[in-house]
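Novice: Before I ask anything, let me first share the structure, which is written out below as structure tokens.
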Amino acid sequence: MTSGEAGRLPHDRGFMLWRAEEGTRWLEESIERWAFAMLSDDEVNGQLAADDEMANFTIISRQEGILAGAWTTDYIIATRTTDVETLWYRGDGDTICDGDVIAVLSGGRNNILMLERSILNLIGQLSGIATNSAKWSSASPIPVACTRKTVWGMLDKWAVHLGGGLTHRLSKRDACMLKENDLVEPSGDSRGGKNKVGGKGVIHQRISNLDEADIGAFLTIEVRSIEEAVDAATEWQDVKILKPCVIMLDNMGPDGAREADVALREAGLRNEVLLEASGGIKFAALNEWENCGIDVISTSAINRGTQPHDFSLLIEGA
């Protein structure tokens, strides 16, 4: 089986976080965890008391990009205040420009000021990720997914989704990945002898012992050679589990990807698996991945170390 629900790549898990322009329970719970940490650092614990002094504040974009974080801002305001309302002129996933008025916050002056830094940090970081995701997705000849190397967990993945990238698995339980540490064949030396990574025997053992219920949405198997890719696809074909299987080619480059695709086709196994390239993916070299036989590439560069989007929040009359 080579695809997920309704032909969707299994790496496209954004629908688990965002549906009909609203966050799911999964995203809402993630927002609460991160918001609690950020707001606690600003000494905002629980709901703020109503403020008698009213004011209007405007959120202004200072550069071009993709907005992410409006829904999370509304969540924070709804759960921490009773006297603040927000009017949004742009929504999550919308393109924004330098000078655009994004939203107006109306209500308790001091309460808005108490939340100001957390809100700007949130929408700045998430919009930066969404903007970078759009940049990668538009430049790549094949779909681009992020990895589980995140700063803010599922919030990062939501921002990637808003920018047009793929989320990959959302957690270890969401989908199973057999990585380097899972594919180590013990040396049998209790004194700390070296373990062997990969190999037909250990790949066979790990895949043949898989329980379909433990796989989650899909399985990813990390390999480092064409031989391991063929071995993994062969073993997967034998277990006959009706879920997508992804062979992740680790640091094999475009040429290695082409060779793996050819080898799998010659073995009659290409339709059994999806091919993912990961490791060392560079934005400047995305065009090199065209016609490599790869279904998707994954990289942490799409969401880690991105430049936050620049916003201002100004009180009326400032």
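The values are calculated or read from the model by the stated rules, or taken from the named source; none is laboratory data. As the structure is a prediction and not an experimental result, all values here were calculated from the model. Note that each Cβ is placed from the backbone with ideal geometry, even for glycine, and that neighbours are counted across all protein chains shown.
Novice: So is residue 86 part of a strand (DSSP E or B) and farther than 29 Å from residue 174 by Cα or not?
Specialist: yes
Novice: Shifting gears a bit: Need the failing condition index for residue 66 against (1) buried (at least 18 other Cβ atoms within 10 Å of the Cβ); (2) at pLDDT below 95; (3) touching a strand residue (DSSP E or B) at 6+ places or on another chain (Cβ under 9 Å), just the number.
Specialist: (2)
Novice: Across segment 122-156, which residue is surrounded by the fewest Cβ atoms within 10 Å (Cβ to Cβ) among those that are under 12 Å from residue 304 (Cβ atoms) and among the basic types (Lys, Arg)?
Specialist: Here the residue is 149.
One line per residue, one yes/no per condition, for (1) touching a helix residue (DSSP H, G or I) at 6+ places or on another chain (Cβ under 6 Å); (2) more than 30 Å from residue 116 (Cβ to Cβ):
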| position | (1), (2) |
| --- | --- |
| 225 | no, yes |
| 234 | no, yes |
| 246 | no, yes |
| 261 | no, yes |
| 264 | yes, yes |
| 268 | no, yes |
| 307 | yes, no |
| 315 | no, no |
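Novice: Further question on the same structure: From the list 62, 25, 8, 13, which one is in contact with a Leu (Cβ under 8 Å, 6 or more places away or on another chain), under 24 Å from residue 165 (Cα atoms) and charged (D, E, K, R)?
Specialist: 13
Novice: For segment 142-167, name all the residues that are assigned to a loop (DSSP other than H, G, I, E, B) and of a type in the set (Lys, Arg).
Specialist: 148, 149 - these are the residues of segment 142-167 that are assigned to a loop (DSSP other than H, G, I, E, B) and of a type in the set (Lys, Arg).
Novice: Quick check: anything in segment 45-67 touching a His at 6+ places or on another chain (Cβ under 9 Å) and among the β-branched types (Val, Ile, Thr)?
Specialist: So far as segment 45-67 goes, yes, one or more of its residues are touching a His at 6+ places or on another chain (Cβ under 9 Å) and among the β-branched types (Val, Ile, Thr).
Novice: Can you tell me which residue among 194, 172, 179 is in contact with an Asp or Glu (Cβ under 6 Å, 6 or more places away or on another chain) and at pLDDT below 95?
Specialist: 179
Novice: Sort out which residues of segment 107-120 are at negative phi and buried (at least 17 other Cβ atoms within 10 Å of the Cβ), and write them in order of number.
Specialist: 108, 109, 111, 112, 114, 115, 118, 119, 120
Novice: Counting only residues that are crowded, with 23+ Cβ neighbours inside 10 Å, give me the strands (runs of 3 or more DSSP E) lying completely in segment 220-318 with at least 2 of them.
Specialist: By residue number, 245-250, 274-278, 296-298.
Novice: Being within 15 Å of residue 115 (Cα to Cα) and surrounded by fewer than 12 Cβ atoms within 10 Å (Cβ to Cβ) is the filter here, so list the residues in segment 15-39 that pass it.
Specialist: Scanning segment 15-39 gives a single hit, 37.
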